[in-house]
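Student: Have a look at the structure that comes next, please.
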Amino acid sequence: MPTHRTGEFTVIAHRGASGYLPEHTLAGAAMAHEMGADYIEQDVVLTRDDELIVLHDLYLDAVTDVADRFRGRQRDDGHYYAIDFDLAEIRTLRVHERLKVNGDPAFPGRFPPDTTVFRVPTLREEIALIQGLNRSTGRDVGVYVEPKSPAWHSREGKDLMAETVLLLAEFGYRDRGDRAILQSFDLESLKYARHELNSDLTLVQLIGENRWRESPTDFDYLRTEAGLAEIAAFADGIGPWLPQTVDLSGVNFGKTTGLVEAAHRRGLLVHAYTLRADQLPAELGTIEAAMELLAAQPRLDGVFTDHPDQVIHYLESKGY
């Protein structure tokens, strides 16, 4: 049983130990805990009956057998949205490895996608698992929660952020001294959590690419000095996409972009996403090579990773 704590560099298990077991399953969370991760990430959405479930997408298609079990319940865009199902219905689903639209595995070589022994957990169940393992192992692994698309949920008549903050408080996560971090791509939703819900949790503003998604947040602006200053006025850190912190292509490969340094000048921590052993630039090839670059030059404070064991092995070899 690893007792390693990474100290200055935070290892966040991205959707659990998702390089080895299907994302956002209790088995994956338990494996990440055993591997020694500092935090385990949970994406959360609401069901029709207002239960918080751990699921990366608003819809169930890519990681469950919902289309087989509830054929005809999709919306006009073809997706089966979690918000259209009660928890009792979602409990009947089987979770598998993420699939592309054409049915091929998103990450070939990972856990067999035709193995369906996993279920969709609730946030309550996952926190209970992590806290139980903390007690039985003597470790203190935290939760790193992202309410998915709060503005979309609001248009559906639900206050996802409020429900999330309330449940975290129920489990004892109320302020910055607790082992919980609340993250979101939605700037206004994080401000809402801080100023209207009066949450004193550690808040991290995620930063994506504007072309990735329809979003109420201007991510290009957030990477500017003015944007970082606005974040620093209410939040504790940023979560940028890895290529936003260091150039991973072209003639400037390996050169820092300056974003990490600018965030640090504002007192913001930087946790970048997502480091995957099976999705690395050819110039790097291994987690070890990637960490040599990311921990040394831009001096990240932590990283989200599908392979927490490999990141921790590197850190231990370097005396972190």
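Student: Taking the stated definitions as given, is Phe219 open to solvent by less than 70 Å² (accessible area, probe 1.4 Å), under 20 Å from Leu55 (Cα atoms) and free of Cβ contacts under 8 Å to residues at least 40 places away in the same chain? Break it down stepwise before answering.
Tutor: On the way: open to solvent by less than 70 Å² (accessible area, probe 1.4 Å): yes; under 20 Å from Leu55 (Cα atoms): no; free of Cβ contacts under 8 Å to residues at least 40 places away in the same chain: yes.
Answer is no for this residue.
Student: Which of the residues that make up the range 252-273 are touching a helix residue (DSSP H, G or I) at 6+ places or on another chain (Cβ under 7 Å), farther than 17 Å from Leu315 by Cβ and not in a helix (DSSP H, G or I)?
Tutor: Going through the range 252-273, the residues touching a helix residue (DSSP H, G or I) at 6+ places or on another chain (Cβ under 7 Å) turn out to be 254, 257, 259, 262-263, 266-268, 270, 272-273.
Within this subset, residues satisfying the condition of being farther than 17 Å from Leu315 by Cβ are 254, 257, 259, 262-263, 266-268, 273.
Matches in the range 252-273: Gly254, Thr257, Arg266, Gly267, Leu268, Tyr273.
Student: Taking Glu41 as meeting all but one of (1) in contact (Cβ under 8 Å) with a residue 24 or more places away in the chain; (2) part of a helix (DSSP H, G or I), write down the number of the exception.
Tutor: Unmet condition: (2).
Yes/no per residue for (1) open to solvent by less than 10 Å² (accessible area, probe 1.4 Å); (2) of a type in the set (Ser, Thr, Tyr); (3) in contact with a Ser or Thr (Cβ under 8 Å, 6 or more places away or on another chain); (4) at pLDDT 95 or above:
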site	(1), (2), (3), (4)
Val11	yes, no, yes, yes
Ala30	no, no, no, yes
His33	yes, no, yes, yes
Val44	yes, no, yes, yes
Leu52	no, no, yes, yes
Val66	yes, no, no, yes
Asp84	no, no, no, yes
Arg94	no, no, yes, yes
Pro112	no, no, no, yes
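Student: From Gly138, Gly103, Gly157, which residue is in contact (Cβ under 8 Å) with a residue 60 or more places away in the chain, surrounded by fewer than 13 Cβ atoms within 10 Å (Cβ to Cβ) and out of contact with any Asp or Glu (no Cβ under 8 Å at 6 or more places or on another chain)?
Tutor: On the way: Gly103 fails: in contact (Cβ under 8 Å) with a residue 60 or more places away in the chain; Gly157 fails: in contact (Cβ under 8 Å) with a residue 60 or more places away in the chain.
Within the list Gly138, Gly103, Gly157, the selection yields Gly138.
Student: Within the range 222-247, take every residue that is among the β-branched types (Val, Ile, Thr) and touching a helix residue (DSSP H, G or I) at 6+ places or on another chain (Cβ under 8 Å) and give me the one that is surrounded by the most Cβ atoms within 10 Å (Cβ to Cβ). Spell out the reasoning first.
Tutor: The initial filter retains those residues of the range 222-247 that are among the β-branched types (Val, Ile, Thr), namely 224, 231, 238, 245-246.
In the following step, the residues that additionally are touching a helix residue (DSSP H, G or I) at 6+ places or on another chain (Cβ under 8 Å) were identified as 231, 238, 245-246.
Details: Ile231: 23, Ile238: 29, Thr245: 26, Val246: 22.
Looking at the filtered set, the residue picked out is Ile238.
Student: To continue, here is another question. Of the residues Phe85, Phe107, Phe111, which is of a type in the set (Phe, Trp, Tyr) and under 19 Å from Leu26 (Cα atoms)?
Tutor: Result of the check over Phe85, Phe107, Phe111: Phe111.
Student: Can you pull out every residue in the range 223-251 that is aliphatic (A, V, I, L, M), closer than 16 Å to Phe185 by Cβ and assigned to a helix (DSSP H, G or I)? If you could, list the steps in order and put the result at the bottom.
Tutor: Filtering the range 223-251 for residues aliphatic (A, V, I, L, M) gives 226, 228-229, 231-233, 235, 238, 242, 246, 248, 251.
Of the ones still in play, those that are also closer than 16 Å to Phe185 by Cβ are 228, 231, 235, 238, 242.
Once the filter is applied, which keeps residues that are aliphatic (A, V, I, L, M), closer than 16 Å to Phe185 by Cβ and assigned to a helix (DSSP H, G or I), the range 223-251 yields Leu228, Ile231, Leu242.
Student: Do we have Ala277 as open to solvent by 30 Å² or more (accessible area, probe 1.4 Å), in contact (Cβ under 8 Å) with a residue 12 or more places away in the chain and under 18 Å from the mean Cα position of the chain (by Cα) here?
Tutor: On the way: open to solvent by 30 Å² or more (accessible area, probe 1.4 Å): yes; in contact (Cβ under 8 Å) with a residue 12 or more places away in the chain: yes; under 18 Å from the mean Cα position of the chain (by Cα): yes.
Here the answer is yes, as Ala277 does meet what is asked.
The values are calculated or read from the model by the stated rules, or taken from the named source; none is laboratory data. Just so we're clear, the structure is a prediction, and the values are computed from it rather than from any experiment. Cβ: placed from backbone, ideal geometry, glycine included. Neighbour counts: every protein chain shown. All accessible areas refer to the heavy atoms of the entire protein, side chains included, with ligands and DNA or RNA removed. Shrake-Rupley method; radii C 1.70, N 1.55, O 1.52, S 1.80 Å.
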